[in-house]
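Visitor: I have a structure I would like to understand better, so I am pasting it below and will then ask my questions one at a time.
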Amino acid sequence: MTPQEQRNELLAKKMIKSLNRRNMEAFYCPTAKQAVQKISELIEDGNSVTWGGSMSVLDLGLPDHLRNRGTLEVLDRDLAETPEEKKEMYLKAFTADVYLTSANAISEDGVIVNIDGNGNRVAAISWGPKKVIFIIGLNKVVQTAEAALARARSIAAPINAQRFDLHTPCSTDGTCHNCNSPESICSYIHFLRNSRSKGRHVVVLVGENLGY
C-alpha cells in the first residue's frame with residue numbers, strides 16, 4: 001500500500017464514523033471499479049433509479065451500467081426529447097426508489113455541501129426519493145464545513161457554469177464573484193449535516209478523483 005493509499009484508508013475510516021454519527025450509512029471503495037460494484041449492490045432489483053447532473057455518476061459509467069443490468073427502471077433525463085419531458089423526469093425523481101448524486105464538497109466530519117442552479121438536485125437530496133446515494137471522490141474532502149462551501153463556490157461552481165454554458169461572471173474568469181446573475185449556479189446552497197431518516201442517505205467515498 002502506497003502512502004497515498006494508506007492516507008485515504010485512514011481518512012475514509014474517520015469520515016465513515018462521522019457520517020454514521022450523522023445517521024448516514026457510509027462505505028469506502030479504493031477504486032472506481034469497486035465503487036460501481038458497491039453502488040450496484042445498494043440498488044435492489046425492481047427499483048426505479050435516477051440521478052442529478054453529476055459528473056461523478058458519468059465518470060463511473062453508471063448510466064450504462066444500470067441500464068445494462070436489465071432489472072431496474074432507469075429514469076434518464078438526458079433521453080428526454082423536449083423541455084416538457086425533461087421537466088416531467090425532474091418531477092418523477094421525487095418518487096424514485098434511488099437517487100444518485102455527488103457533492104461539491106464534504107468536510108472531514110461529514111457535512112455535505114452542494115450548490116444548485118435550478119434546485120432540483122438539492123430538493124431531491126432533502127426530500128422525496130426513498131434512498132439517496134452520494135458518490136464522493138476524496139478529492140472533494142476538506143477540513144471544515146466552511147471550507148466545503150468555499151470549495152463549492154470557488155472550484156465546482158465556475159467549472160460547472162462553463163460546463164452548462166451559463167452567462168455568469170465565474171464562467172468568464174473562473175473565480176467566484178458572489179454574484180446575483182440571473183443564471184447563477186449558486187442560487188441554492190445546501191448543507192446536509194444530519195439525516196432524519198436512518199438509511200435514507202448513503203455515502204460511498206471513492207479513493208479516486210471524481211467530478212469537479
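Every read-out reported here was derived from the displayed coordinates using simple, explicitly stated rules and does not represent laboratory data. Keep in mind the model is a prediction, meaning the values are calculated, not measured. Quick reminder, even Gly has a Cβ in these numbers, built from the backbone with ideal geometry, and neighbours come from all protein chains shown.
Visitor: Mean 1/r over all different Cα pairs, inverted: what Kirkwood radius does region 1-77 give, in Å?
Guide: 14.2
Visitor: Computed FRET efficiency, Cβ-Cβ of residue 126 and residue 6, R0 41 Å: what is it to the nearest 0.05?
Guide: Plugging the Cβ-Cβ distance into 1/(1 + (r/R0)^6) gives 0.70.
Visitor: Then there's this: Give me the base-10 log of I(q)/I(0) for region 85-148 at each q in 0.14, 0.16, 0.21, 0.28 Å⁻¹, Debye formula, one uniform scatterer per Cα, rounded to two decimals.
Guide: -0.44, -0.56, -0.85, -1.17
Visitor: Now for a different question. Pick out, in residue order, every one of the chymotrypsin sites (Phe, Trp or Tyr not before Pro) in region 92-136 that is DSSP loop and has at most 12 other C-beta atoms within 10 Å; say none if there are none.
Guide: Listed in order of number, the matching sites are 127.
Visitor: Quick check on the chain: of the DSSP beta bridges with both residues there, what percent are antiparallel, nearest 5%?
Guide: 25
Visitor: Can you give the FRET efficiency to the nearest 0.05 for residue 97 and residue 58, using r as the Cβ-Cβ distance and R₀ = 22 Å?
Guide: Calculated value: 0.60.
Visitor: Considering region 80-196, what Rg and Dmax in Å follow from its alpha-carbon atoms?
Guide: Calculated on Cα positions, Rg and Dmax stand at 14.6, 42 Å.
Visitor: Filter the GluC sites (Glu not before Pro) in region 68-124 down to the DSSP loop ones having no more than 15 other Cβ atoms within 10 Å, then list what survives.
Guide: Qualifying residues, ordered by number: 81.
Visitor: Hey, could you grab the Kirkwood Rh for the chain? Inverse mean 1/r over distinct alpha carbon pairs, Å, one decimal.
Guide: 17.5 Å is the Kirkwood radius here.
Visitor: Grab the other residues whose beta carbon is less than 15 angstrom from that of residue 63, score K and R as +1, D and E as -1, and report the net.
Guide: -2
Visitor: Another question, if that's okay. Given only helices, namely DSSP H runs of n ≥ 4 each adding -39500 (n - 2.57), what is the per-residue ellipticity at 222 nm of the chain, to the nearest 500 deg cm²/dmol?
Guide: Calculated mean residue ellipticity at 222 nm is -10500 deg cm²/dmol.
Visitor: Determine the alpha carbon to alpha carbon distance for each of 38/87; 92/198; 33/131; 17/92; 38/131 and list only those over 26 Å.
Guide: Beyond 26 Å between Cα atoms: 38/87; 17/92.
Visitor: Quick one: which residues, 5 or more positions from residue 48 or on another chain, have an amide H under 5 Å from its amide H? H modelled 1.01 Å from N in the peptide plane, none for Pro or chain starts.
Guide: Those qualifying (amide H under 5 Å, at least 5 residues apart or on another chain) are 73, 97, 98.
Visitor: Between residue 84 and residue 179, what is the spin-label point distance in nm, taking each point 7 Å from the Cα along the Cα→C-beta axis?
Guide: About 3.3 nm, to one decimal.
Visitor: Among 24-33, 39-48, 111-120, how do they line up from the highest to the lowest mean number of other beta-carbon atoms within 10 Å?
Guide: 111-120, 24-33, 39-48
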